[in-house]
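Engineer: First, the structure itself, so that you have it in front of you.
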Amino acid sequence: MKKSAIIIGGGLGGLFTGAILSKEGLDVTVVEKNTTVGGGLQTFVRFGESFDTGMHVIGGMQEGGNIRKICKYLGILDKIHIKDVDADCIDRLYFAEDKKEYKIAKGRKNFVESLASYFPDQKDNLTRYVDAMFRITEELDLFYLRPTKNDIFMHSEDFIKSADAFIAQYITDERLQHIVAYMNPLYSGRGDMTPAFVHAIISVLYINGPSRFAGGSGLFAEVLKNLIIDNGGKVYVNEAVETIVTEDKNIKSIVTAKGRELVADYYISAIHPCTMLKMLDNPKVFPKSYRTRLEEVPNSYSAFTLNIKLKPNTFKYFNYTAYYMSKYNEIWNFGRTDNQWPLGFLYMTPPEIEQGEYSTKLIVTAPMAWEYVKKWENTTVGHRGEEYEAWKKECCEKLLDMMEEVHPGIRDCIDKINTASPLTIRDYYGVKEGGMCGFSKDYKNIILSQVPVVTKIPNLLLTGQCNNLHGFCGVPLTAIVTSEVILGMNYVINKINEL
């Protein structure tokens, strides 16, 4: 008989896992608490304008890219709308400290050349640094969709170093050391903590060429949802899972807030593991050591976001991601909890499917530690109080003051602004402390944050950004790992490589 799987959470991990399993013949049911699927890919409407819920700069969608290959295997390449960024400027960096600007070009050679134009004496060092990052990624079969081997593999010394020490090993100019670490807000990087392999994977993805969702990331989520339904599956939205029912150290069923009870052969949690634990009718089905460990793993930092509706024909669209950094030596400190926020931010003009000269919206995202909103953690949406609203307005004005420095007159281009804090991210995504990138990884204790997709409960699996890698690349790769627990080792990988 046809095997079945229930997936708790309709975010990127749940949708990709559901798409793979339904394609391979399983009867899949996805249960999502929000009114739309997508998790970090969701879109929402404010002031008549559609906004993505996150900063979506995506890697792996270039020709030959790993995520592009997965989409080809799923048969959805012709249904998605992706816009590549400009090859001569994938990212533009501005440092307020000396008011200098740097433009980064796409491609292994061009990346080196673009930075060497500002630091000519570092060209050879830059080449060695980029080569070392690509070598690190070669240690990960999954990243290149190569079949997993059963033999024991020892990673290189570079792989398990801290990211800042890895950079310093190759780049001798201190200012350039900070510049090449500019992507760390994309993975919640922390100095002397983030492992070099995380830095290398993200950097290589974007050196190879980043892309954007045209028309909003929600369209991509809908494509995955429709694929699951077309394969005979079901997707329930606006239906939070209230209880995970256990029996004899197995999952027996799930019960939703609407009273619906669902039963399957396999249950897959695509939400934050700490959130999943709270749903269990008997948390003791997991050993206390496991539950304690999950609660003790540090979470990645969160963000404060401005979703800006622009006045018509006032602000030109730009086809790259822009970064504002306050000081070079603060590049690793976005997770700080003192009162120095904001140390920097990212901003972009999300493209429409038929993008014209001018943009209709602007997204500004500034990394922010959970501690800034902890005093309101027990409040709910719409009932956080006047103090919270005043604080949000103050944060908004700080970011706009900085935007004025790089785009004088930006306030005159703004029609309306919607703000989102780490509390918004926590409540919208259901992630602990509003962490943007799941669990935070520490090179000094890699095992702590490595949460396997297999659990002590035989019919319960995990997927999502708290397992393996996060982001638009890491989460689909983890979906393969989760799916292959059911389908067999290298089953999906081999099918992808047959195309």
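Engineer: Can you run phi through the Karplus equation (6.51, -1.76, 1.60; θ = phi - 60°) for the range 112-119 and list ³J(HN,Hα) in whole Hz, with x for Gly and Pro?
Structural biologist: Running phi through 6.51 cos²θ - 1.76 cosθ + 1.60 with θ = phi - 60° gives 5, 4, 5, 6, 5, 5, 9, 9 Hz.
Engineer: OK, next. Please give me, ordered by residue number, the chymotrypsin sites (Phe, Trp or Tyr not before Pro) of the range 99-173 that lie in loop per DSSP and have at most 11 other Cβ atoms within 10 Å.
Structural biologist: The qualifying sites are PHE153.
Engineer: Can you tell me the length gained on complete extension of the stretch ARG46 to LEU77, counting 0.36 nm per residue apart and subtracting the Cα distance?
Structural biologist: Gain in length upon complete extension: 8.2 nm.
Engineer: Tally Lys and Arg at +1 and Asp and Glu at -1 over the other residues with C-beta under 15 Å from the C-beta of GLU296: what net charge comes out? Write down the numbers at each step before the final one.
Structural biologist: Values: positive: LYS288, ARG291, ARG293, LYS432, LYS441, LYS444; negative: GLU295, GLU433, ASP442.
Value of the local net charge: +3.
Engineer: Any idea how far the Cα center of the range 368-431 sits from the one of the range 177-201, in Å?
Structural biologist: Value for the Cα centre distance between the two parts: 25 Å.
Engineer: Something else: Residue by residue, what Karplus-based ³J(HN,Hα) values in Hz, rounded to whole numbers, does the range 193-203 have, using 6.51, -1.76 and 1.60 with θ = phi - 60° and x for Gly and Pro?
Structural biologist: Here the 3J(HN,Hα) series is 9, 4, x, 4, 5, 5, 4, 5, 4, 5, 4 Hz.
Engineer: Something else: Rank the residues MET133, MET193, MET489 as a footprinting-exposure proxy: fewest other Cβ atoms within 10 Å of their Cβ go first.
Structural biologist: Taking fewest neighbouring Cβ atoms as first place, the list is MET489, MET193, MET133.
Engineer: May I pose another question? Taking 0.36 nm per residue of sequence separation and subtracting the Cα-Cα distance, how much length would be gained by fully extending the chain between GLU295 and ILE447, in nm to one decimal?
Structural biologist: Gain on stretching GLU295 to ILE447: 53.3 nm.
Engineer: Still on this structure: In which sequence would ASP412, ASP442, ASP52 go, from the one with the fewest C-beta neighbours within 10 Å to the one with the most?
Structural biologist: If I rank by nearby Cβ atoms, fewest first, I get ASP412, ASP442, ASP52.
Engineer: About its Cα centre, what dipole magnitude does the chain give when the only charges are +1 on Lys and Arg Cβ and -1 on Asp and Glu Cβ, stated in debye to the nearest 20?
Structural biologist: Charge dipole, the chain, about its Cα centre: 920 debye, nearest 20.
Engineer: Go ahead and collect, in residue order, the members of the range 55-90 whose backbone nitrogen is under 14 Å from a label point 7 Å along the Cα-Cβ direction of ASN110.
Structural biologist: Once the point is set 7 Å along Cα→Cβ of ASN110, 62-63, 84-90 turn out to lie under 14 Å by backbone N, inside the range 55-90.
Engineer: Could you check the simple spin-label distance between LYS249 and TYR94, using points 7 Å along Cα→Cβ, in nm with one decimal?
Structural biologist: 5.9 nm
Engineer: A further question follows. Quick query: amide H of ALA5 versus all other amide H atoms, modeled in the peptide plane; which residues come in under 5 Å with a sequence gap of 5 or more or a different chain?
Structural biologist: The answer is ASP27, VAL28, THR29, ASP265, TYR266.
Engineer: For a quick check: with amide H placed at 1.01 Å from N, whose amide H comes under 5 Å from ILE90's, ignoring anything fewer than 5 positions away on the same chain?
Structural biologist: Placed amide hydrogens put ILE104, ALA105, LYS106 under 5 Å from ILE90.
Engineer: Among [x] 22.7, 88; [y] 22.0, 67; [z] 26.9, 109, which is the computed Rg and Dmax of the Cα atoms in Å?
Structural biologist: Only one listed value fits the structure, namely [y].
Engineer: Of the options LEU448, SER359, ILE496, report the single residue whose Cα projects farthest towards the positive end of the charge dipole of the chain (beta-carbon charges: Lys, Arg +1; Asp, Glu -1).
Structural biologist: Result: ILE496, furthest along the dipole toward the positive end.
Engineer: Given H placed 1.01 Å from N in the peptide plane, which residues other than close sequence neighbours of ILE414 have an amide H under 5 Å from its amide H?
Structural biologist: LYS311
Engineer: Take every Cα pair under 8 Å in the chain that's 6+ residues apart, average their separations, divide by the length, and report that relative contact order as a whole percent. Each step should come with its number before you reach the end.
Structural biologist: Working: 981 pairs, mean separation 112.3, N = 499.
Computed value for the chain: 23 percent relative contact order.
Engineer: Between PHE134 and GLU386, how high is the FRET efficiency from 1/(1 + (r/R0)^6) when r is the Cβ-Cβ distance and R₀ = 51 Å? Nearest 0.05.
Structural biologist: Given R0 = 51 Å and the Cβ-Cβ separation, E is 0.45.
Engineer: Using a 10 Å cut-off around each Cβ, can you sort ASP88, ASP164, ASP427 from fewest to most neighbouring Cβ atoms?
Structural biologist: Working: ASP88 12, ASP164 23, ASP427 16.
If I rank by nearby Cβ atoms, fewest first, I get ASP88, ASP427, ASP164.
Each value in this text was obtained by applying a stated rule to the coordinates, not by laboratory testing. On a predicted model such as this, the values are computed, not experimentally measured, just so you know. Virtual Cβ from ideal backbone geometry, glycine too; neighbours counted across all protein chains shown.
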